[in-house]
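Engineer: One structure coming up, written as structure tokens, with questions to follow.
The values are calculated or read from the model by the stated rules, or taken from the named source; none is laboratory data. Just so it is clear, the structure is predicted and the values come from calculations on it, not from any experiment. In this analysis, Cβ positions are derived from the backbone assuming ideal geometry, glycine residues included, and neighbour counts consider all displayed protein chains.
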Amino acid sequence: MRISEIICEDILDEIIEDEANDPVIMYLIELLDGIRERSHNLHQIPKVRADALINLVQLKHPQFNLDILEMSKSSNETVKGLIKDIKDDATGIKYVYITPFADEVKGAEAEMDDENAPRTAPEKTVNSMAKSALAKRS
């Protein structure tokens with residue numbers, strides 16, 4: 001290993017350590033945590049439009065942009081733990097999907113199981129009665 005490689009590694013380590021205390025990243029973490037908490041209280045999917053999040057951070061730190069957001073997701077462990085994914089939805093709008101709390105994941109799985117559960121006898125009876133009433137109307 002060359003001396004220049006050792007020096008470069010030390011400098012990179014210092015940059016990564018400095019980034020952890022960066023006020024921009026700390027403010028981003030604060031916003032992401034607030035959005036996550038609010039979505040948890042409202043029982044919604046924790047996501048925010050990327051441009052809206054960038055605009056919020058730019059209110060205090062004008063240099064913030066999408067590249068910094070993606071870089072902080074890959075390099076900062078706290079941000080990596082808060083951001084599940086950054087991707088476009090069906091309409092082409094870029095969203096930042098936030099990692100939900102553990103109990104939200106279990107609740108979402110339970111709701112999906114309820115939708116796919118087989119119908120019980122009363123549900124089948126009501127369904128058939130509704131179909132026959134609809135057929136008599138026509």
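Engineer: If I go through region 27-58 residue by residue, how many of them are of a type in the set (A, V, I, L, M, F, W, C), in a helix (DSSP H, G or I), at pLDDT below 90 and loosely packed, with under 15 Cβ neighbours inside 10 Å?
Structural biologist: Summing the residues that are of a type in the set (A, V, I, L, M, F, W, C), in a helix (DSSP H, G or I), at pLDDT below 90 and loosely packed, with under 15 Cβ neighbours inside 10 Å in region 27-58 gives 1.
Engineer: Kindly establish whether Pro118 is of a type outside the set (S, T, N, Q), on the phi < 0 side of the Ramachandran plot, modelled with pLDDT under 90 and under 12 Å from the mean Cα position of the chain (by Cα).
Structural biologist: No, not satisfied.
Engineer: Return the pairs, sorted by first residue and then second, in which the second residue is at pLDDT below 85 and not in a helix (DSSP H, G or I), the first residue lies in region 115-138 and is surrounded by 10 or more Cβ atoms within 10 Å (Cβ to Cβ), the beta carbons are less than 9 Å apart, and the residues are 6+ apart or on different chains.
Structural biologist: Taking only residues 6 or more apart or on different chains, the pairs are Asn127/Arg119.
Engineer: Output the number of the condition that Pro62 fails; it satisfies all remaining conditions of (1) assigned to a loop (DSSP other than H, G, I, E, B); (2) touching a helix residue (DSSP H, G or I) at 6+ places or on another chain (Cβ under 6 Å).
Structural biologist: (2)
Engineer: Considering only region 52-77, how many residues are within 13 Å of Val24 (Cα to Cα) and in contact (Cβ under 8 Å) with a residue 40 or more places away in the chain?
Structural biologist: 6
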